[in-house]
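Reviewing the structure listed below.
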Amino acid sequence: MDWIEGYFQNLESYPVKSNVAPKDIYNTIPASPPQESESLDDILKDVNEKIIPGITHWQHPNFFAYFPANTSFPSILGEMLTATLGAQCMIWDTSPAAAELEERMMEWLRDSMGLPNNWEGCIQDTASTASLVAILTAREKATDFKSNEEGVPNNLRVYCSTQTHSSIEKGVCISGIGRKNMVKIPVDDDMRMIPERLEAQIKEDIQNGLKPCCVVTAMGTTGTVAIDDLKVIGPVCAKYDVWLHVDAAYAGSALMLAEYQWMAEGMEYADSFVFNPHKWLFTNFDCTAYYVKDVDILLKTFEVLPEYLKTKTRGQVNDYRDWGVPLGRRFRALKLWFVLRSFGIKGIRKRMRHHIALNDWFANQIEESADFELVTTAVLNFTCFRYRPPAIKDEVILNQLNQKLLDQLNTSGKAFLSHTKVNNIYALRMVIGQTYVEQRHIEMVLEELRKIASGLDI
Ligand code: PLP
């Protein structure tokens with residue numbers, strides 16, 4: 001407990017991104033384990049000396065890279081109780097409280113986010129797993145549950161946009177549908193899937209004897225947080241009876257806010273939906289919320305019942321082992337309960353709006369700056385931008401400059417941002433989702449960006 005308290009007190013003194021070289025940490029760890037017991041003091045000393053230098057501080061207020069994986073004090077306490085109880089929550093019988101709290105937490109989130117009230121959900125480890133579960137369920141539905149029995153036919157098709165997260169490709173591979181049957185639909189200037197191109201592709205595939213199985217839309221792509229238009233794509237899926245999965249891993253949390261409910265227009269067409277409280281909902285990794293419209297199809301896909309797991313309560317309760325891939329399950333609902341109760345929904349909304357306001361300020365500064373520009377429209381708490389001094393027109397040089405700018409900022413240890421490419425433009429990504437971030441942190445990063453940029457060799 002003392003160590004944890006000290007860590008948060010000193011957090012801002014650490015370099016945000018670890019700069020160790022490959023094998024630096026490995027070489028400090030003895031080649032074989034101790035035969036005799038070592039003291040906790042010695043172990044903690046090594047944590048400070050050997051481990052901390054190799055940690056990138058995801059909870060540092062100047063961490064703006066990728067998407068955050070934010071945590072909070074209530075979440076840490078919940079997680080500590082989970083570790084203390086050490087319950088393995090595979091079925092209701094192995095800890096009724098875990099199963100029933102999970103059921104309730106999924107309802108709390110669903111209702112606070114305005115998701116359809118007939119949906120049922122469970123907690124998965126990651127969005128990657130949840131999307132795999134969605135693809136497998138879609139596969140079973142499309143093949144009348146024969147793939148589980150006989151193997152996967154080679155004519156199933158999965159559609160997503162060119163901007164889709166790599167977890168979908170992985171899911172398609174694991175499902176046996178095959179990478180060649182994953183079709184990446186082009187996007188418009190705002191990086192959103194073009195619904196007309198989706199429909200044309202589905203029609204063409206049907207004519208060629210292929211079987212459309214699943215469409216995956218993004219509510220917030222990883223590169224630029226583009227929001228696919230569910231209200232246009234949804235009816236296309238309904239028309240051709242194709243499973244619609246919504247990957248809202250990051251941006252889904254924003255459905256907590258009334259002003260972002262527009263992102264969910266058309267959600268009634270969705271068959272499954274995933275978002276990560278472990279990204280922007282103050283709940284430490286891992287905690288993914290996965291919802292389905294028809295839980296029977298999900299259960300039919302995943303249920304295998306060996307003798308040793310038969311219980312008297314079967315059918316009256318949720319045995320979550322049937323809702324996904326793993327048998328064993330951690331008690332993840334506990335930390336979510338701690339977070340939702342400690343913050344309250346109003347407290348969560350307030351903090352998210354604070355992030356969005358900080359981002360509005362940052363994006364505005366970029367827009368008004370003579371040497372920087374927005375690369376895509378700022379959305380939620382996300383800004384995609386680049387350094388672009390008016391004197392430099394050459395795109396190759398601009399890309400090199402921005403790469404150098406990012407490298408220098410990240411190696412300075414003062415802040416950590418990541419990048420993406422938008423139509424061959426090397427762009428910096430700034431995501432403001434840290435639990436304890438303040439205006440002064442954003443001002444600092446802007447000043448640092450300006451300072452480094454003005455000193456770059458062209
Ligand atoms: N989907 C999107 C849109 C993402 O941005 C990410 C990760 O950033 C994922 C899926 C994968 O999330 P996870 O790490 O929970 O598997």
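Of all the residues in the stretch 151-181, those that are within 15 Å of the ligand (Cβ to nearest atom) and closer than 30 Å to Thr383 by Cβ number 12.
Scanning the stretch 185-209 for residues that are in contact with a Lys or Arg (Cβ under 6 Å, 6 or more places away or on another chain), surrounded by 18 or more Cβ atoms within 10 Å (Cβ to Cβ) and not charged (D, E, K, R) turns up just one, Ile185. Among the residues of this structure, Val304 does not count as one that is in contact with a helix residue (DSSP H, G or I) (Cβ under 7 Å, 6 or more places away or on another chain), assigned to a loop (DSSP other than H, G, I, E, B) and among the aliphatic types (A, V, I, L, M).
Put simply, of Ala333, Ala357 the only residue that is surrounded by 16 or more Cβ atoms within 10 Å (Cβ to Cβ) and modelled with pLDDT of 95 or more is Ala333.
Of the conditions (1) within 16 Å of the ligand (Cβ to nearest atom); (2) in contact (Cβ under 8 Å) with a residue 60 or more places away in the chain, Thr137 fails just one. Which one is it? In the conditions (1) within 16 Å of the ligand (Cβ to nearest atom); (2) in contact (Cβ under 8 Å) with a residue 60 or more places away in the chain, Thr137 misses (1) alone.
Of all residues assigned to the stretch 172-184, none qualifies as being among the basic types (Lys, Arg), modelled with pLDDT of 95 or more and crowded, with 17+ Cβ neighbours inside 10 Å.
Look at the stretch 268-291: where a residue is closer than 18 Å to Arg341 by Cβ and near the ligand (Cβ under 10 Å from one of its atoms) and a partner is part of a loop (DSSP other than H, G, I, E, B) and of a type in the set (A, V, I, L, M, F, W, C), sitting 6+ places away or on another chain with Cβ atoms under 6 Å, you get His278/Ala69; His278/Phe285; His278/Cys287.
Filtering the stretch 4-16 for residues that are aliphatic (A, V, I, L, M) and more than 28 Å from the chain's Cα centre (by Cα) leaves an empty set. Within the stretch 1-55, can you find the residues that are β-branched (Val, Ile, Thr) and part of a helix (DSSP H, G or I)? Within the stretch 1-55, Ile4, Thr28, Ile43, Val47, Ile51, Ile52 meet the criteria.
Could you please let me know if Tyr26 is within 30 Å of Asn410 (Cβ to Cβ) and surrounded by 12 or more Cβ atoms within 10 Å (Cβ to Cβ)? So Tyr26 does not fit the description; no. For the stretch 219-229, indicate whether the set of residues that are more than 11 Å from the chain's Cα centre (by Cα), more than 16 Å from the ligand (Cβ to nearest atom), on the phi < 0 side of the Ramachandran plot and buried (at least 21 other Cβ atoms within 10 Å of the Cβ) is non-empty. Checking the stretch 219-229: not a single residue is more than 11 Å from the chain's Cα centre (by Cα), more than 16 Å from the ligand (Cβ to nearest atom), on the phi < 0 side of the Ramachandran plot and buried (at least 21 other Cβ atoms within 10 Å of the Cβ). The condition of being among the β-branched types (Val, Ile, Thr) and touching a strand residue (DSSP E or B) at 6+ places or on another chain (Cβ under 8 Å) holds for only one of Val158, Val152, that being Val158.
The values are calculated or read from the model by the stated rules, or taken from the named source; none is laboratory data. Source: prediction; values computed, not measured. For neighbour counting, all protein chains shown are included, and Cβ atoms are generated from backbone atoms with ideal geometry for every residue, glycine included.
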